[in-house]
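The values are calculated or read from the model by the stated rules, or taken from the named source; none is laboratory data. Since the model is a prediction, treat every value here as computed from it, not as a measurement. Here the Cβ is made from the backbone with ideal geometry for all residues, glycine too, and neighbour counts use every protein chain on show. What goes into the accessible areas is simple: the full protein's heavy atoms, side chains included, and nothing from ligands, DNA or RNA. Shrake-Rupley method; radii C 1.70, N 1.55, O 1.52, S 1.80 Å.
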Amino acid sequence: METAVNYIALSIPVFFLLIGIEILVARRQNKDYYRFNDSINDLSMGVLQQVTGVFTKALVFAGYAFLFEYARMFEIPANNTWTWVIGFLGVDFCYYWFHRLSHEINVIWASHIAHHQSEEYNLTVALRQGSFQAFFSSVFYWPLAIIGLPPLVFLALSSFNTLYQFWIHTRTIKTLGPIEWIFNTPSHHRVHHGCNPQYIDRNHAGTLIIWDRMFGTFEPEGDEVIYGVTKPLRSWNPVWANIHYFVDIARMARRTRSWKNKVLVWFMPPDWVPDDLPPEDIEVTPLKGYKYNARTTRRMNTYIFVQFVAAIVATVSLLFLQSQLGLAQQVSLGVYVVWTLTACGALFEARPWIVGSEITRGLATTTAVWTLAGATPLGSGLPLLVSGFSILSACWLVLIRGDLAAVPADVDLRFDPQSTAA
């Protein structure tokens, strides 16, 4: 089978360009659509999803490829225009049902909730994706394989469906007239991200809003949208953001005494609580005017930004050079990215262990790059460059570690735009 093009990875420069444009437009409109900590966390989630995909995409796609090879009903040519038209409608239809059920079934919601955790709404939120979502969403596309939609056609159309949804994560575009009747738009998707009671579980469309209109899940934008989830994450840790709801379900399953409920809790809607457990009392929600925040200094934000850029460089290297890298090198890059992004979140939260962790990360990175970089296509100077950067970063953090006292960990703050340094 031919190798599929990773259109998402190729679009990374365009994503960042459009994010920059949105920031400029928002400033011209005198709007505060971005917070540094929130945006870094959003982008970290997107990076983790891409890194996870490097190691899991073959497994995720295996079901589709197997069904196409051994169970397809028809031979559909890839070079036929109608193949692409029908494939586009089929992919969008299957996405609608995955997306809808991901809001109605707990275990799938656990993989999707990451996309809804941000309490802002901007283009970085579009990149905030759950690392485990593909394991669930892939099953919904298997009927297309049985029909006979060629795998490369499916992958291209699926990528288009994902790319289309990037631009609708914005508040800078209000409404688009007649386009709103057929296509998913920023107005429609803002509703989907709202935790207002009338907006919950509405507008699940990917590209075409017609599915929501047909199946009764459409809601027009009316009252101002309040973004986030009713039980907020209250953390900048991207790894915890991916697993916390799985943990919540497991804890509920452990607490309920009924064996039936221990199973049901995984498949019931997110608002379901076993009858032998008390309902949850959530004191702080976006609906009560709170957003999770942290007061970090400009110096600390600069350090975090530099480490985040280093993680982006490592991710791009992994995505585009993976065929030239050995498994140990790929795993080392993946570990570096995960560790670095987790560190960025811990620095926002001023975790007491973070300075020691950063020193350890620098030493581990230096050791790994000198051990494994011998055959790297990036050049013989790479070990010196990476180890130098790691050592200087550790020294830099030690010098500014006093700034970590600026915010205690695990604090919910009523949002003040002045509380986060730009």
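From the residues 48, 309, 382, which one has its Cα farthest along the dipole of the chain in the positive direction, the dipole being from +1 and -1 charges on Cβ of Lys/Arg and Asp/Glu about the Cα centre? Going by the Cα projections, it comes out as 382. Per residue, the chain exposes 48 Å² of accessible surface when a 1.4 Å probe is rolled over the protein heavy atoms with every protein chain present. For residue 395, put the label point 7 Å out on the Cα→Cβ axis and report which residues of segment 340-365 keep their amide N under 20 Å from it. The answer is 355-365, whose backbone nitrogens lie closer than 20 Å to the label point. Taking the Cα centre of segment 186-240 as origin and assigning +1 to Lys and Arg Cβ atoms and -1 to Asp and Glu Cβ atoms, the resulting dipole is close to 220 debye. The peptide list 322-329, 24-31, 211-218, put in order of mean Cβ contacts within 10 Å with the highest first, becomes 211-218, 322-329, 24-31. With a cut-off of 8 Å between alpha carbons and a minimum separation of six or more residues, what is the relative contact order of the chain in percent? Taking the mean separation of contacting Cα pairs over the length of the chain, I get 18 percent. With the helix formula -39500 (n - 2.57) applied to DSSP H stretches of n ≥ 4, the chain reaches a computed 222 nm mean residue ellipticity of -18500 deg cm²/dmol. Site pair residue 69 and residue 142 shows an inter-label distance of 1.6 nm when each label is modelled 7 Å from Cα along Cα→Cβ.
Maximal additional length on extending the residue 240-residue 323 stretch stands at 26.9 nm, based on 0.36 nm per residue less the C-alpha distance. Extension gain, residue 180 to residue 21: 0.36 nm times the residue separation minus the Cα-Cα distance gives 54.9 nm.
Multiply the residue gap between residue 302 and residue 367 by 0.36 nm, knock off their C-alpha separation, and tell me the result in nm, one decimal place.
Net length gain for the segment: 20.9 nm.
Gap in Å between the Cα centre of segment 169-211 and the Cα centre of segment 97-145? Measuring centre to centre over Cα atoms gives 16 Å. Comparing 88, 70, 15 along the charge dipole axis of segment 1-132, the residue lying farthest to the positive side is 15, per the Cβ-charge model. Of the residues 131, 292, 178, the one whose Cα sits farthest toward the positive end of the charge dipole of the chain, with +1 on the Cβ of Lys and Arg and -1 on the Cβ of Asp and Glu, is 292.
Charging the Cβ of each Asp and Glu at -1 and of each Lys and Arg at +1, and nothing else, the dipole of the chain about its Cα centre rounds to 680 debye. Packing-based ranking of 227-237, 168-178 yields 227-237, 168-178, ordered from highest to lowest mean Cβ neighbour count within 10 Å. The protection proxy used here, the mean number of other Cβ atoms lying within 10 Å of each residue, ranks peptides 390-400, 253-263, 341-351 as follows, highest first: 341-351, 390-400, 253-263. For segment 277-408, which whole-number percentage of the solvent-accessible area (1.4 Å probe, protein heavy atoms only) is attributable to carbon and sulfur atoms? Of all accessible area on segment 277-408, carbon and sulfur atoms account for 69 percent.
Comparing 14, 225, 51, which has the greatest mean-square fluctuation in the GNM of the chain with Cα pairs linked when under 10 Å apart? The residue with the greatest mean-square fluctuation here is 14. Listed by chain and number, the lysines whose C-alpha is less than 29 Å from the C-alpha of residue 288, apart from same-chain residues fewer than 8 away, are 31, 174, 231.
Between the amide H of residue 169 and any residue lying 5 or more places away or on another chain, no distance stays under 5 Å, with hydrogens modeled in the peptide plane. What you get for segment 239-317, charging only the Cβ of Lys and Arg (+1) and of Asp and Glu (-1), is a dipole of about 360 debye around the Cα centre.
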